[in-house]
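Since the structure comes first, as structure tokens, the remarks are kept for the end.
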Amino acid sequence: MVTRQLLVLGPEVQEKIFNLKILVVGCGALGSSILEQLVRLGAENITVMDADVVEISNLHRTHLFRYEDVGKPKALVCSQRAMEINPGAKVKPILDVLDETNAEEMVKGVDLVFDALDSVNSRLILNDACVKNRIPLIYGGVSGEYGSAMLVKPGETPCLSCFMEPQEGTDACETVGTTPMTVSLVATSQVQLMLRLLRGDYASGLYYIDAGSLSIDLIKMERNPSCQACSLMTYKYLKGLGHSCGIVRVKENPPEGSPVPYVKRVNDGLLICYEKCFKKIGR
Ligand SMILES: [Zn+2]
């Protein structure tokens, strides 16, 4: 499957890709695009995590989703499509949200984590878990026709907590539009950063992507000496960080005998239940 790319990457890097254990957190627009590229590159051991279900409004920017997938769990659809593309790949779906209760457990034992989340608060928790456990993290974010991507190599490069602050209230819930081209450029940049990591040739800083003008610039950054993750090692977000929107775990249980997933519109959003229930707020 990878003979044409072997000429470009060489057998050593290709072997590394085959053997990498990768976690992709989030399988929306960014996550599904990253996942597709990973399985085409030959990655064979991937876990993909998302508690959300596919909605019609996702289809315009999401690589692996079709109209018939509406209402199905994103992580499940992502894993099935990815294994159709590369039947040699094992893509394990996890229908859950990442928060302070499971972040460390999720990243332990993997070689590399892709951040394809859409909430700053969740990604700060993921950043803490990766920095603490010394797992490389590749961040990507999209807003309108702009995006950014960055490799966090714990102990070497700056981390997300060096410059990102958690958001509260309505700021965290803001829905920003984007285009499929912007999403693809950011996802592609993230996967390319994985290659740079494997080749041992990477820079410290944030790649700023302007899809409108087709430009990518590296903003060089230094580690923040007062960063609570990579400098002070207090990892405060692993102690808990309130989520005011996005998907949160709730204590409810699905009604007896209900279909899986059980999806119901409620006053403040969408209730989604597998074995556990989640609420999608403010979208
Ligand atoms: Zn830091």
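What follows is calculated from the coordinates using simple rules that are stated; it is not laboratory data. Since the model is a prediction, treat every value here as computed from it, not as a measurement. Cβ: placed from backbone, ideal geometry, glycine included. Neighbour counts: every protein chain shown.
What percent does the relative contact order of region 3-237 come to when contacts are Cα pairs within less than 8 Å and at least six residues apart?
19
Take each uninterrupted DSSP H stretch in the chain, measure its Cα extent along the helix axis, and return the ones at 20 Å or beyond whose mean Kyte-Doolittle hydropathy is at least 0.0.
180-199
For region 1-92, what proportion of DSSP beta bridges, expressed in % and rounded to the nearest 5, is antiparallel?
Taking every DSSP beta bridge within region 1-92, about 10 percent pair in antiparallel fashion.
Have a look at Pro180, Pro87, Pro259 and tell me which one the Gaussian network model of the chain (Cα, springs below 10 Å) gives the largest fluctuation.
Taking springs between Cα atoms under 10 Å, the residue moving most is Pro259.
Could you tell me the distance between the Cα centroids of region 117-132 and region 34-70, to the nearest Å?
20
What order, most packed first, do the peptides 99-105, 213-219, 126-132 have when packing is the mean number of other Cβ atoms within 10 Å of each residue?
126-132, 99-105, 213-219
Is the shape of region 149-230 best called rounded, prolate or oblate, per the rule: a/c under 1.5 gives rounded, else a/b larger than b/c gives prolate, else oblate, with a ≥ b ≥ c the square roots of the Cα gyration tensor eigenvalues? Before the final figure, lay out each step's value.
Numbers: a/c = 2.14, a/b = 1.07, b/c = 2.00.
Here region 149-230 falls in the oblate category.
Kirkwood Rh over Cα pairs of region 56-193 into Stokes-Einstein at 37 °C, 0.692 mPa s: D in µm²/s?
The calculation lands on 201 µm²/s.
If the chain between Met181 and Ser204 were fully stretched, how many nm would it gain, using 0.36 nm times the residue separation less the Cα-Cα distance?
Roughly 5.7 nm would be gained on extension.
Among 2-10, 34-42, 22-30, 50-58, how do they line up from the highest to the lowest mean number of other beta-carbon atoms within 10 Å?
Peptide ranking by packing, descending: 22-30, 34-42, 50-58, 2-10.
Enumerate the amide H contacts of Gly246 below 5 Å, restricted to partners 5 or more residues apart or on another chain; note that Pro and chain-start residues carry no placed amide H.
When sequence neighbours closer than 5 places are left aside, the close amide H contacts are Ile281.
Quick one: work out the % antiparallel among DSSP beta bridges in region 3-237, nearest 5.
Bridges in region 3-237 that DSSP calls antiparallel: roughly 50 percent.
Indicate the gyration tensor shape class of region 140-283 (rounded, prolate or oblate), computed on the Cα atoms with a ≥ b ≥ c the square roots of the eigenvalues: a/c under 1.5 is rounded; otherwise a/b larger than b/c is prolate and the rest oblate.
The shape class here is prolate.
With θ taken as phi - 60° and the coefficients 6.51, -1.76 and 1.60, list the Karplus ³J(HN,Hα) couplings across region 149-154 in order, rounded to whole Hz; mark glycine and proline as x.
Along region 149-154, the couplings run 8, 7, 8, 9, 10, x Hz.
Which whole-angstrom value gives the distance between the alpha carbon centres of region 255-283 and region 151-221?
The distance from the Cα centre of region 255-283 to that of region 151-221 comes to 31 Å.
Can you list residues whose amide H is under 5 Å from Asp96's amide H, if they're 5+ apart or on another chain and H is modeled 1.01 Å from N?
For Asp96, whose amide H was placed from the backbone, the distant partners under 5 Å are Asp50, Ala51.
Per residue and in Å³, how big is the convex hull formed by the alpha-carbon atoms of the chain?
Each residue corresponds to 130 Å³ of Cα convex hull volume.
Using label points projected 7 Å from each Cα along Cα→Cβ, tell me how many nm separate Arg249 and Arg196, to one decimal.
Going by the 7 Å Cα→Cβ label model, 3.5 nm.
For region 222-239, in order, what is each residue's ³J(HN,Hα) by Karplus, 6.51 cos²θ - 1.76 cosθ + 1.60 with θ = phi - 60°, in whole Hz (x at glycine and Pro)?
10, 5, 7, x, 9, 5, 6, 9, 7, 9, 8, 6, 9, 6, 5, 6, 6, 8
Can you work out the FRET efficiency for the pair Glu165 and Arg4, with r the C-beta to C-beta distance and R0 = 45 Å, to the nearest 0.05?
On the way: r = 44 Å, r/R0 = 0.98.
With R0 = 45 Å, the Cβ-Cβ based efficiency is 0.55.
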